[in-house]
Every structure is written in C-alpha cells, then in structure tokens.
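The values are calculated or read from the model by the stated rules, or taken from the named source; none is laboratory data. In this text, all values refer to a predicted model and were calculated from it rather than measured experimentally. Neighbour counts are summed over all protein chains in view; Cβ atoms, including those assigned to glycine, are modelled from backbone coordinates with ideal geometry.
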Amino acid sequence: MTEAHIWQNEKLGLKVVEALKKNRFKAEYLATKEEARQRLLETIPAGASIGVGGSLTITQLNVLEELDKRGHKLFDHTDQKLSVEERNIRRRLQLTSDVFLSGTNAVTLGGQLVNEDNTGNRVAAMIYGPQKVIVVAGINKIVKDVDSALDRIEMYAAPMTNYRFGFPNPCTKTGFCSNCESERRICNVVTIMRKKPSQADITIFIIGEELGL
Ligand code: SF4
C-alpha cells in the first residue's frame with residue numbers, strides 16, 4: 001500500500017466512524033488487519049457464546065481458531081458438512097448468543113449499514129437478539145450512499161458470493177446480477193440500518209485494508 005492509500009484510508013475511515021457514532025453505533029478505525037484482530041479478541045468478554053454470521057472478513061481476520069482455543073462456544077453454520085437441520089439449529093442459536101460477529105456488505109459515508117441476505121439469519125441477529133454485535137468492515141466496504149451500497153451489492157458482492165460458493169444461479173456464470181428467479185437465489189432480504197436499533201449494542205470496526213467481498 002502506498003503512503004497515499006494509507007492517508008486516504010484513514011481520512012475515509014475516520015469520517016465514517018464519526019458518522020456511525022452520530023447514528024449511535026460504537027465505532028473505531030483500525031489501520032491494519034492485525035490491529036483489528038487484536039481489538040476484536042480483547043472486545044469479546046471471557047466465556048461469551050459467539051454466533052458467527054458467515055463472513056469472509058471474519059475468516060480473513062483469523063480469529064475463530066483463537067476464540068475456540070479460549071473456550072468460547074461458537075455457533076457457526078457455515079460448515080458445509082452440516083445437514084440443513086444442523087445449520088438451522090446453529091442459525092437460531094446465533095440469535096441468542098452473547099456476541100454476534102458479522103461483516104457487512106456496505107457502510108455509507110453517512111454511517112448507515114446496508115446488507116443483503118438469503119435466509120435472513122445474519123441481518124436478524126445484527127438487529128435484535130444477541131447481547132452484543134461486532135461488525136467488521138474493510139475500507140473497500142465504504143460507499144457514498146445507500147444507492148451506491150445497493151449497486152455494490154448487485155454488481156459485485158452478490159455475484160462474487162455466488163461464484164465463491166458455486167451456487168447454481170445465473171450470476172455465477174455471467175458475473176453480474178440479473179435479478180433472477182432462481183430457487184437458489186441468495187438475494188432475498190435487504191436491510192438498511194439507518195441508526196442503531198434502540199435495544200442493540202453494536203460496535204463497528206472500520207479497517208484500513210481491503211477485506212471481504
Ligand atoms: S438475484 Fe440472482 S442473479 Fe442476482 S446476484 Fe442474486 S442470485 Fe445472482
């Protein structure tokens with residue numbers, strides 16, 4: 001990364017942190033992936049049960065193995081070896097976990113979180129249920145406004161997620177969204193968190209590196 005990238009990432013990250021705080025979220029800017037990893041580990045209380053929202057950013061921060069070693073009970077539904085029933089049990093347990101870890105599809109300059117979901121478990125747990133929610137977002141998730149966030153999801157995040165998991169949807173072949181009618185469509189729910197939901201405790205870490213999709 002050049003000095004100019006580091007400079008702009010910090011300016012952009014701090015601007016979004018300020019906007020998120022105005023919207024009643026807790027928020028911090030962390031310059032590097034390693035700083036974010038340390039901060040995440042120290043923010044999670046000892047003994048907390050942890051729901052994991054299926055996030056490439058969380059995977060890239062490489063925290064789950066460490067949390068497992070620390071003895072936390074992890075509810076992660078993404079293991080492809082699990083049956084549909086087992087995955088749904090874990091999704092429900094995420095909703096009442098002590099801490100829920102998630103990425104986000106986009107964060108606007110005005111401090112709003114925009115997400116698209118398939119089953120809805122991830123966005124539901126972000127809004128209500130867990131005692132504490134921690135959202136991690138690479139600098140690449142910052143967009144100008146809600147319209148740009150929706151464009152980002154349709155043009156990039158959703159097709160890339162389909163390709164990553166090899167889902168049998170049109171975008172896996174074409175690379176762009178055609179608002180399909182596929183039974184395996186993953187784009188079923190869109191949420192815009194304009195301000196922190198009143199009963200939620202949500203901390204957002206904006207990280208000065210590109211992470212996730
Ligand atoms: S709506 Fe269909 S085509 Fe568009 S990104 Fe979602 S799964 Fe792909």
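I want to confirm something. Restricting to the range 172-192 and keeping residues that are of a type in the set (Ser, Thr, Tyr) and touching a residue at least 12 places away in the same chain (Cβ under 8 Å), which single residue is nearest to the ligand (Cβ to nearest atom)? Among them, the one singled out is 182. Tally up the residues in the range 50-72 that are surrounded by 23 or more Cβ atoms within 10 Å (Cβ to Cβ) and of a type in the set (A, V, I, L, M), please. The qualifying residues number 4. Scanning the range 73-98 for residues that are among the hydroxyl-bearing types (Ser, Thr, Tyr) and surrounded by fewer than 23 Cβ atoms within 10 Å (Cβ to Cβ) yields 78, 83, 96.
Okay, residues lined up against (1) charged (D, E, K, R); (2) more than 24 Å from residue 120 (Cα to Cα); (3) modelled with pLDDT of 95 or more:
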residue: 15; (1), (2), (3): yes, yes, yes
residue: 24; (1), (2), (3): yes, no, yes
residue: 50; (1), (2), (3): no, no, yes
residue: 53; (1), (2), (3): no, no, no
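Say whether the condition of being away from the ligand (no atom under 12 Å from the Cβ), free of Cβ contacts under 8 Å to residues at least 60 places away in the same chain, under 27 Å from residue 10 (Cα atoms) and not hydroxyl-bearing (Ser, Thr, Tyr) is met by at least one residue in the range 158-171. No: the range 158-171 contains no residue that is away from the ligand (no atom under 12 Å from the Cβ), free of Cβ contacts under 8 Å to residues at least 60 places away in the same chain, under 27 Å from residue 10 (Cα atoms) and not hydroxyl-bearing (Ser, Thr, Tyr). The residue that is nearest to the chain's Cα centre (by Cα), counting only those in the range 17-42 that are assigned to a helix (DSSP H, G or I) and within 15 Å of residue 202 (Cα to Cα), is 40.
Scanning the range 43-80 for residues that are assigned to a helix (DSSP H, G or I), in contact with a helix residue (DSSP H, G or I) (Cβ under 7 Å, 6 or more places away or on another chain) and farther than 17 Å from residue 135 by Cβ returns a single hit, 66.
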